[in-house]
Amino acid sequence: MNRVNLFLLNFLDVIFFIICVTFKILVYGRHLETGYIKTESLFIPTIASVIIIVSISFIFKTKVRSKMLYILNIIISSFIVSDLIYFRYFKDIISLPVLISGFQLGAVKSSVADLMNFKDFLYFFDVIFIVPFINKCVRSRKTDISISYRISVLVVLLFLGVLTDFKSFYNLSKEQPRLLSTMYNKVYITRKLGILNYHCLDIYNSISANITKLAPISKEKVDTIDDFMDKNKSDNKNLKGSVKGKNLIMIQVEALQEFVINASINGQEITPNLNRWVKRSEYFDNFYYQVAAGGTSDAEFMTNNSMYPAPAGAVYFLYSGNKFQAMPENFKNNGYSTAAFHGFRENFWNRDIMYKRFGFDDFYGEKSYRQDESIGLGLSDKSFLNQSLVKLNNMKSPYYAFLITLTSHFPYDAVDKYGNFDVGNLKGSLIGNYLQAIHYTDEQLGMFLDKLDENGTLKNSVVMLYGDHYAIPKDKEQQLFKFLNMSSTSDVNWEKLQKVPLLIHFPDESVKGVNNTYGGEMDIYLTVCNLFDLPGKDMFGKDLFNPNSQRIIFRNGSFIDKNYYYSSQDDVYYNVKTGKRIPENSSLKKDEEDVLNQLGYSDYILKHDAIDKLDK
Ligand code: GP9
Ligand code: MN
């Protein structure tokens, strides 16, 4: 048998592993590809990471080596498919903290099923139909390669792999100084280094973050954060204490995305009731969601704490032991009774634990409601809101009531129960199902607000209503652009659609109209502190009625204001009005630096449980 055949027979499993796994990772990379980061740039770091894995397999004899590579191939393919499903909904990459937090979407079987694609299973084609055959050939060899040969191959491959991979990491660390240590943008890392390098870095950072937690708090760091907080106060000129002593009814609406407000289909308003209440309220039409991996829980965390979501995973799981200075506790310290209302499982998103941490007197969860009508995930908004009306009326005034709706939850597949809202030729599509779902929820919200109006509650209460996050995920962007007749499907136009409505209804409707201030969920708490004259110290975000900036910061380091949008996913700046890409300049670079500083301060407080160490 000639030398080539012998070589092939000896190492066919290794050669196939390198080719196949590299190919799979590059194919996966195409799902993340953008106009600015091409998959080709992934080849070097990917092949380097694969060769490092292969080099380690040479520690073992052929039989064990082939088995190890087979198992690793299955694990890597499983990670790729899981990352694909996760990216389609969360526009992010799974991280160890997310796995620790529990893949919340998993609780919604239909969501995961709806995000899966038959083609995803092609990632397992080789491990099912080809590798077993290759391994049989390789294991049929009577003789094995010598240990000295194995060690020399291991050393050479490891050296080449590590050297090449180090260069890729080094280049990225120069291009984005804080990215590798903070991982504030996991998509960008994966686009640049590939999924293997990303997950290895994630595991390393997660372990080192837990070790960092044990390190003593740095006084210098706390002083720097204190300085920022001192500058970040609201000047409270407008509407300070204007509703002091009134009740606050805060309604977080599941997947209420801004594009449906005042929109119609076939001449019918999608949200006629909200459109009516928008006219009677202060309506913020440039209000963005800022959630990250924590989904709905991120929205409520930001609203009640004015702190950013965790860089990976959900605060509600990773930092459930922390101290907070949350809105409920603030209200309670100022004579209010407080309660949270949500008709779903109390432990979903670890709410029962976290709401105690936030200082809510009561949490009315699934067990507090008659489960008399289920739509989608659980208790219908109709039943939830009707039963909540009774609970609200029994609360001691003044009170802060925080309600979270449920029915309009992805993938909006309970279409037979949403009522008969005709979506025409959109019927059966994700956006068509969504419009039916949100039309149903709008009807229930209209009933709820009208009843509060009729029974006089609104004369003595402020209502704040907002959407928790987007409804239409990125992989269905074409459906949304088509519905909105938007020809230009640019990144900027997509970003400008990532808004949710915020309406604030005042008791005497003295304050109403469209407010174009650029804001987000991070700004709700400081706005409440100004309106209700509550202490508003050591908070990020701004007061929407006295804004000290028009910038909205997102967890992945991106930001938008009335002039510019910075996409950290591509490290690209845009002019918001023209949609055109613009070169970085010193002022934009300074903004980017400031954004990363603020995210870093918030992360430091979370990681070191340091909220009560500030201002000392
Ligand atoms: C479940 C509901 C959904 O309680 O809040 O959470 P989400 O999946 O949207 O994060
Ligand atoms: Mn949600």
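The values are calculated or read from the model by the stated rules, or taken from the named source; none is laboratory data. All values reported here derive from a predicted model rather than from experimental measurement. Cβ placement follows ideal geometry from the backbone for every residue including glycine, while neighbour counts extend to all protein chains displayed.
Key figures for this structure:
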quantity	calculated
Within segment 388-416, tally of residues that are more than 16 Å from ligand 1 (Cβ to nearest atom) and assigned to a helix (DSSP H, G or I)	7
Segment 512-528: number of residues that are crowded, with 22+ Cβ neighbours inside 10 Å and either over 26 Å from the mean Cα position of the chain (by Cα) or charged (D, E, K, R) (or both)	2
Near pairs, Cβ below 7 angstrom, 6+ apart or cross-chain, from segment 347-360 (without any contact (Cβ under 8 Å) to a residue 24 or more places away in the chain) to any residue that is crowded, with 19+ Cβ neighbours inside 10 Å	ASP352/PHE363; ASP352/GLY365
Top-ranked residue in segment 385-394 [being of a type outside the set (Val, Ile, Thr) and either under 26 Å from the mean Cα position of the chain (by Cα) or more than 23 Å from THR303 (Cα to Cα) (or both); ranked as surrounded by the fewest Cβ atoms within 10 Å (Cβ to Cβ)]	ASN394
Residue selected from segment 296-349 under the condition of a type in the set (S, T, N, Q) and at pLDDT below 90, by the criterion farthest from the chain's Cα centre (by Cα)	ASN347
Elements of type helices (runs of 4 or more DSSP H) in segment 82-147, at least 3 residues being over 30 Å from ILE15 (Cβ atoms) and either modelled with pLDDT of 85 or more or within 19 Å of the chain's Cα centre (by Cα) (or both)	96-101, 109-115
LYS142 surrounded by fewer than 20 Cβ atoms within 10 Å (Cβ to Cβ) and basic (Lys, Arg)	yes
LEU502 more than 24 Å from the chain's Cα centre (by Cα) and within 16 Å of ligand 2 (Cβ to nearest atom)	no
Of all residues in segment 445-473 being under 28 Å from the mean Cα position of the chain (by Cα) and away from ligand 2 (no atom under 16 Å from the Cβ), the one that is farthest from GLY520 (Cα to Cα)	VAL463
Tally of residues being away from ligand 2 (no atom under 16 Å from the Cβ) and in contact with a Ser or Thr (Cβ under 6 Å, 6 or more places away or on another chain) across segment 362-379	2
Complete set of residues in segment 432-451 that are touching a residue at least 40 places away in the same chain (Cβ under 8 Å) and surrounded by 20 or more Cβ atoms within 10 Å (Cβ to Cβ)	TYR434, LEU435, ALA437, ILE438, HIS439, TYR440, THR441, ASP442, GLN444, LEU445, PHE448, LEU449
Qualifying position, being more than 14 Å from ligand 1 (Cβ to nearest atom), over 24 Å from the mean Cα position of the chain (by Cα), among the small types (Gly, Ala, Ser) and modelled with pLDDT under 95, among GLY419, GLY424	GLY419
Matching residues, segment 538-560, being more than 21 Å from the chain's Cα centre (by Cα) and polar (S, T, N, Q)	ASN546, ASN548, SER549, GLN550
Subset of segment 350-375 that is crowded, with 19+ Cβ neighbours inside 10 Å and near ligand 1 (Cβ under 10 Å from one of its atoms) - its residue that is farthest from the chain's Cα centre (by Cα)	GLY365
Test: LYS219 is basic (Lys, Arg), in contact (Cβ under 8 Å) with a residue 60 or more places away in the chain and within 23 Å of LYS607 (Cβ to Cβ)	no
Selected residue [surrounded by 17 or more Cβ atoms within 10 Å (Cβ to Cβ), in contact (Cβ under 8 Å) with a residue 24 or more places away in the chain and closer than 17 Å to LYS38 by Cα] from TYR188, TYR184	TYR188
Extreme residue, nearest to GLY520 (Cα to Cα), among residues of segment 311-348 that are assigned to a loop (DSSP other than H, G, I, E, B) and within 14 Å of ligand 1 (Cβ to nearest atom)	ALA314
Of residues in segment 497-555 being in a helix (DSSP H, G or I) and among the aliphatic types (A, V, I, L, M), the one nearest to LEU480 (Cα to Cα)	MET522
Residues of segment 469-483 classified as away from ligand 1 (no atom under 16 Å from the Cβ) and buried (at least 22 other Cβ atoms within 10 Å of the Cβ), total	1
Out of ILE251, ILE217, ILE211, sole residue that is under 26 Å from GLU521 (Cα atoms), of a type in the set (A, V, I, L, M, F, W, C) and either within 16 Å of ligand 1 (Cβ to nearest atom) or surrounded by fewer than 17 Cβ atoms within 10 Å (Cβ to Cβ) (or both)	ILE251
Options SER408, SER461, SER429, SER397; residue that is more than 21 Å from GLY343 (Cα to Cα) and buried (at least 21 other Cβ atoms within 10 Å of the Cβ)	SER461
Members of segment 222-272 found to be among the aliphatic types (A, V, I, L, M) and assigned to a loop (DSSP other than H, G, I, E, B), listed by number	LEU239, VAL243, ALA255, LEU256, ILE261, ALA263, ILE270
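One line per residue, one yes/no per condition, for (1) farther than 27 Å from ARG551 by Cβ; (2) out of contact with any Lys or Arg (no Cβ under 8 Å at 6 or more places or on another chain); (3) of a type in the set (S, T, N, Q):
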site	(1), (2), (3)
ALA215	yes, yes, no
ASP223	no, yes, no
MET229	no, no, no
ASN236	no, yes, yes
VAL253	no, yes, no
LYS279	yes, no, no
PHE284	no, yes, no
SER297	no, no, yes
MET302	no, yes, no
